[in-house]
Each structure stands twice: as structure tokens, then as C-alpha cells.
């Protein structure tokens with residue numbers, strides 16, 4: 001044997017002195033980075049991840065094909081008419097902006113659901129017996145393990161959605177020569193909604209260690225939040241005061257997928273958007289659920 | 001504060017409740033144990049005796065319901081207490097997307113090692129564990145024995161002061177076992193404490209110098225291996241033993257076996273050996289040898305846990 005293991009080269013005291021001064025020291029950042037990259041690596045090793053990127057690529061190619069035949073050819077033909085005549089028939093600027101908006105809303109729904117499907121298994125996977133025990137044996141806090149996993153998962157989805165939206169933005173821009181950067185709001189809005197929903201995936205994953213249940217609950221939550229968003233209509237249909245109050249309470253408590261989508265639509269169209277309420281209430285929900293996940297994770301035996 | 005003890009527990013206990021707050025099941029019942037730094041310590045027990053729960057409490061994977069545990073003088077629930085500890089779990093499930101080197105790099109990073117230190121350490125350990133040509137191969141292609149060795153390399157990455165190994169030779173062939181044992185002996189020569197949790201009594205007997213036996217979550221026996229194995233009695237061999245003397249000495253012996261040219265008596269204590277020798281000499285017999293006999297660890301284990309008696313009772317009922 002060419003080498004011999006030695007006892008700790010760096011004295012323990014020196015290693016530990018850096019810890020506990022508040023904030024994260026370089027060692028803790030290294031741990032955090034390792035956990036994030038491990039999640040990305042695991043996502044890459046799963047077919048779901050490649051499915052996510054593959055479907056995004058297919059979608060990009062599809063948009064490229066559709067634009068080439070219909071939107072661009074038609075729009076350019078109309079735009080090629082005498083200016084006065086074309087203005088009467090068609091407002092090119094408005095047409096493209098609306099196209100951006102419809103595509104963004106589609107990508108918002110598409111991106112959110114695919115991200116949930118791709119992520120549901122990542123949390124239970126790390127909690128498998130024989131794997132979590134080894135992770136917990138390292139000098140790493142449990143919150144750090146959970147936050148690192150969450151951040152890695154979010155990074156994967158952010159990269160995918162940024163790739164998808166940016167590619168489509170470039171395609172539309174090149175074909176129409178109209179560049180509405182507001183289209184790029186589709187990235188932060190979708191990622192924000194996913195970040196909130198991912199807390200539910202994490203919470204259910206920690207409590208049940210079941211990918212299927214995480215998926216079911218999170219998808220159900222999206223549909224419920226969309227249903228709750230129609231409160232102005234539904235509240236009038238409800239007969240009792242308590243049921244109206246309950247509907248309103250649930251609306252404010254749960255994440256607002258519909259309202260966030262509406263805010264994104266307005267931002268892309270350049271209209272005044274009511275984005276503050278859906279953002280802060282959804283963020284509050286996410287913080288609360290993630291806090292609950294951390295609490296449960298701290299208490300569990302593995 | 002470092003007390004010279006690698007592990008110290010005081011009344012450490014774990015009681016599980018069945019779902020919906022029903023029945024209570026005690027896995028570990030108020031266990032107090034002291035493991036000096038630098039020793040090779042074996043923890044034994046039948047299935048369900050509480051060994052793995054005990055180890056998991058040391059590593060904060062399981063929260064104790066009573067008592068406390070210290071690692072090198074620090075509370076075991078502090079993450080920093082685990083920095084000087086390397087752990088190889090039983091039934092580990094290493095992520096199969098890793099290569100051998102990639103896995104060591106990941107767990108080294110979790111232990112706070114710098115990238116440069118990890119890059120130096122990985123080839124050293126792959127070489128040490130006989131995996132030098134396998135570092136770039138995904139671990140799903142590894143055999144069980146190779147995974148165990150890689151798991152040991154993982155535990156050694158950050159140069160720990162103590163190794164906690166749960167069934168480290170499980171599924172490993174005899175040559176692999178010897179290799180692992182050699183590596184562990186090499187480590188203990190540098191002052192590393194090894195805490196071995198195993199049901200392979202022969203492995204523990206070969207390797208450990210201290211041993212503890214758990215039964216039903218309680219500490220049934222603890223001590224130095226040499227002391228536990230010694231003291232079963234003596235074998236007294238004599239020649240020219242007349243029938244009358246033989247009958248008298250048999251009253252002192254727990255067993256007797258005729259030999260070609262004499263008789264072998266199994267005698268429990270040194271006092272009885274002396275009385276037997278006096279009687280034999282008075283009767284004209286020649287004492288050929290007196291040999292202290294030792295128990296095997298299996299004898300000690302069976303006697304301590306009562307498993308032999310339970311098995312016999314089971315057969316009787318059958």
C-alpha cells in the first residue's frame with residue numbers, strides 16, 4: 001500500500017473555530033454547494049430531467065416551425081402592404097405583443113406542471129434508508145440538507161425554464177424583429193410559482209417520503225388555487241356566511257397560481273398589473289410550508 | 001471538553017411509539033457506555049437488540065428519548081461533534097449516479113474538505129482500498145465487496161479520529177474481509193478509534209480489543225476482550241489414575257474425557273484444580289499438564305444473551 005491514513009491533519013479545534021461566528025463560513029458554503037450540485041447531478045441522472053429538457057427543446061422546435069409558416073409569413077406579408085393600409089387591417093406591434101402574452105401563459109402552465117412532475121421524486125429519494133443516515137452522519141445541520149436539496153431542485157427548473165423562454169423569445173424576435181423584453185417576465189413568474197409549490201413537494205416528501213403523494217397534493221393545490229381565484233363569482237353563489245368566509249380565507253392562505261399568471265399577462269401586455277398581493281401571500285405560504293417541512297425534518301428519526 | 005473518551009453515553013434510551021400513540025417499544029433502555037479513544041470496540045447483540053438504534057443516536061439520525069451521548073466530549077446532537085467521525089452504515093444505498101471518485105468527492109465536501117484536499121485524498125484512498133482502477137467507473141457497476149470498500153473509503157475521506165462501522169464486512173468475501181481488517185488495523189495503529197457494530201462474532205473476536213453485548217436494549221456485558229474470553233477454567237491431564245481416584249476427582253470436575261494414556265479433567269476454578277492435583281498425587285497419579293482454557297466469543301455471547309437456552313427451549317417445545 002502506497003499510503004497510510006493518518007489521524008486528523010488539521011486539528012479539530014482549528015476546523016471548528018471557523019464555525020459558529022454567525023453566518024456561513026467557507027466550509028458551510030462548500031457543503032451547501034455540494035448539496036446543490038448533488039441534486040443537479042441526480043436530476044441529470046434521472047430520465048425525468050432529460051424529459052424536461054427534451055420536451056422544452058421539442059417545444060422550441062415546434063414554435064420555430066409554427067412561426068415560420070403562419071405567424072411570420074403572414075405578419076410579414078401584411079406588414080409589407082402600404083403603411084396606411086396595413087395599419088387599418090393589422091397592428092403588428094399589438095399582434096406580436098399578444099402573441100408573446102399567449103405564449104408566455106402557455107409556458108407558465110407548461111413549465112409549472114412539468115417542473116412539478118420532474119421534481120416530485122427528488123426529495124423522497126434522498127430520504128431513503130441507507131442514504132439519509134449517511135448524510136446525517138456528516139457535520140451538516142438538517143436545515144442545511146433540506147435547503148441545499150431545495151435550492152438544487154430550484155436551480156434545475158430555473159435553468160430549464162430560462163432555456164425554454166429565452167430560446168422562444170429569440171425565435172420570435174428574430175422572425176418579427178420586434179423584441180418585447182417583457183416576455184421574459186415568464187421566467188421569474190414561473191420560477192416563483194414553482195419555488196412556492198416546491199415547498200409543498202418538500203413538505204409532503206418529508207412527511208410521507210412518497211413521490212406520488214407529493215405530486216398529487218401539489219397538482220391538486222394548483223387546481224384548488226385556480227378554483228379559489230374565481231371567488232368573486234363563487235362567493236355570490238354560496239348561501240352561508242361561513243362558507244363565503246372560508247372561501248375567502250382559503251383564497252388568501254393558498255398560493256395564487258391564477259393571479260400570478262394574470263399579473264404576468266398584464267406585465268407582458270404593458271398594462272398595470274396587480275402583482276404585489278399574489279406575490280407576498282404566495283411567498284408567505286411558501287415560507288410557512290417550508291418552515292413546517294424543516295420542523296418535521298428536524299423531528300424525524302431515520 | 002475532551003475526556004479521553006471517544007464515546008460516552010449516560011442513560012441513553014429510545015422508546016418508539018406505535019402510530020396513533022399506542023404501544024411503546026423500547027429499542028434502547030438507558031444505556032451507559034464509555035469507549036476510550038484509540039481502542040477497537042465491538043458492539044454485539046442479537047437482531048433487534050438495539051445496536052443500530054444506539055449507533056444512530058450517536059450520529060443524531062435518531063433522537064434519544066432519554067439520556068445523553070457525547071462524541072469526544074461534545075454533545076452528539078451538535079453537528080460539529082460528528083466532524084471527527086467517519087461512518088459506514090449498514091445496508092447503505094449510495095447514489096448510483098456517482099463514480100467512485102465522485103462519491104468520495106461529494107462526501108468529502110460534506111465533511112468540509114477543500115477541493116484541493118479532496119483531490120489529493122481521493123487517489124490515496126482508492127489505492128488503499130484496492131479501487132485505484134475503478135475511480136472513474138459508475139458505482140452501479142461495483143460488486144457488493146467493492147461497495148463496502150468504497151464505503152470505508154468514504155468514511156476515511158476527512159481523516160476521522162473515530163470510525164463507526166455498521167457491519168463493514170457484510171457481503172464481502174474472505175479476502176476482502178482480510179483487506180478491510182488490515183486497513184482498520186493500520187488505522188488503529190495511528191490512534192484512530194474503531195467502533196464496530198457487527199453480528200459476525202469471529203470478525204469481532206479477531207479485530208476488537210473491547211466488546212459490549214446488548215440484549216433487549218440493555219448492556220448485558222462489557223469489558224476487555226482478553227478478560228471476557230479468559231477464565232472458563234482449566235484442563236488437567238493426568239496419567240496412571242486409578243478408578244477410585246478418578247471417581248473422587250470427577251466430583252470436582254465439570255467434565256472428564258478418557259485419553260489413550262490418561263484422563264483429561266475439565267475443572268472450573270484454580271482452587272478446585274489444586275485440590276484435584278493434591279488428590280491425584282496422593283493417589284499415585286502423574287500430572288501431565290494443567291492448561292487454562294478460554295471461551296470463544298461465541299460462548300460468551302450465547303451465555304450472555306441466553307440464545308442457546310432459548311434455542312434449546314424452542315427445540316423442546318417443537
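The values are calculated or read from the model by the stated rules, or taken from the named source; none is laboratory data. None of the values given here were measured: they were computed from a predicted structure. Positions of Cβ are backbone-derived with ideal geometry, glycine not excepted, and every protein chain shown enters the neighbour counts.
This table checks each residue for (1) closer than 19 Å to residue B:57 by Cβ; (2) within 13 Å of chain B (Cβ to nearest Cβ).
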residue: A:120; (1), (2): no, no
residue: A:128; (1), (2): no, yes
residue: A:138; (1), (2): yes, yes
residue: A:142; (1), (2): yes, yes
residue: A:145; (1), (2): yes, yes
residue: A:150; (1), (2): no, no
residue: A:153; (1), (2): no, no
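One line per residue, one yes/no per condition, for (1) under 24 Å from residue B:10 (Cα atoms); (2) at pLDDT below 90:
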position: B:194; (1), (2): yes, no
position: B:197; (1), (2): yes, no
position: B:202; (1), (2): no, yes
position: B:205; (1), (2): no, yes
position: B:213; (1), (2): yes, no
position: B:226; (1), (2): no, yes
position: B:229; (1), (2): no, yes
position: B:233; (1), (2): no, yes
position: B:237; (1), (2): no, no
key: Odd one out for residue A:164 among (1) away from every other protein chain (no Cβ under 14 Å); (2) touching a strand residue (DSSP E or B) at 6+ places or on another chain (Cβ under 9 Å)   = (2)
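So if I check each of A:224, A:233, which one is out of contact with any strand residue (DSSP E or B) (no Cβ under 8 Å at 6 or more places or on another chain), loosely packed, with under 14 Cβ neighbours inside 10 Å and in a helix (DSSP H, G or I)? Before you say what the answer is, go through the steps one by one.
Working: A:224 fails: loosely packed, with under 14 Cβ neighbours inside 10 Å.
Result: A:233 is the single residue among A:224, A:233 that is out of contact with any strand residue (DSSP E or B) (no Cβ under 8 Å at 6 or more places or on another chain), loosely packed, with under 14 Cβ neighbours inside 10 Å and in a helix (DSSP H, G or I).
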task = Being within 14 Å of chain B (Cβ to nearest Cβ) and out of contact with any helix residue (DSSP H, G or I) (no Cβ under 6 Å at 6 or more places or on another chain) is the filter; apply it to the stretch A:244-302 and report the residue that is nearest to residue A:104 (Cα to Cα).
result = A:295
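May I ask you to say which residue of B:279, B:275 is under 30 Å from residue B:228 (Cβ atoms) and either surrounded by 14 or more Cβ atoms within 10 Å (Cβ to Cβ) or at pLDDT 90 or above (or both)? Working first, answer last.
Numbers: B:279 fails: under 30 Å from residue B:228 (Cβ atoms).
The unique qualifying residue is B:275.
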task = Looking only at the stretch B:105-118, decide whether some residue is more than 9 Å from chain A (Cβ to nearest Cβ) and either in contact (Cβ under 8 Å) with a residue 40 or more places away in the chain or touching a strand residue (DSSP E or B) at 6+ places or on another chain (Cβ under 7 Å) (or both).
result = no
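Can you tell me which of A:171, A:178, A:187 is more than 23 Å from residue A:291 (Cα to Cα) and assigned to a loop (DSSP other than H, G, I, E, B)? So that I can check it myself, show each step before the final result.
Values: A:171 fails: assigned to a loop (DSSP other than H, G, I, E, B); A:187 fails: assigned to a loop (DSSP other than H, G, I, E, B).
Step by step, each of A:171, A:178, A:187 is checked, and only A:178 is more than 23 Å from residue A:291 (Cα to Cα) and assigned to a loop (DSSP other than H, G, I, E, B).
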query = Do any residues in the stretch B:267-279 that are without any contact (Cβ under 8 Å) to a residue 40 or more places away in the chain have Cβ atoms under 8 Å from those of residues that are buried (at least 19 other Cβ atoms within 10 Å of the Cβ) and assigned to a helix (DSSP H, G or I), where the two are at least six apart or on different chains, and which pairs are they?
reply = B:267/B:273; B:267/B:276; B:279/B:245; B:279/B:249
ask   = Given (1) under 28 Å from residue B:84 (Cα atoms); (2) surrounded by fewer than 22 Cβ atoms within 10 Å (Cβ to Cβ); (3) in contact with a helix residue (DSSP H, G or I) (Cβ under 9 Å, 6 or more places away or on another chain), where does residue A:133 come up short, assuming only one miss?
value = (2)
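Just checking, does the stretch A:30-53 include any residue being loosely packed, with under 12 Cβ neighbours inside 10 Å, within 30 Å of residue A:118 (Cβ to Cβ) and either modelled with pLDDT of 85 or more or in contact with a helix residue (DSSP H, G or I) (Cβ under 7 Å, 6 or more places away or on another chain) (or both)?
Narrowing the stretch A:30-53 to residues loosely packed, with under 12 Cβ neighbours inside 10 Å: A:47.
Now drop any that are not within 30 Å of residue A:118 (Cβ to Cβ), which leaves A:47.
Right, trim to either modelled with pLDDT of 85 or more or in contact with a helix residue (DSSP H, G or I) (Cβ under 7 Å, 6 or more places away or on another chain) (or both) and you get none.
No.
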note = Of the listed residues (B:159, B:121), the one being touching a helix residue (DSSP H, G or I) at 6+ places or on another chain (Cβ under 9 Å) and more than 9 Å from chain A (Cβ to nearest Cβ) is B:121
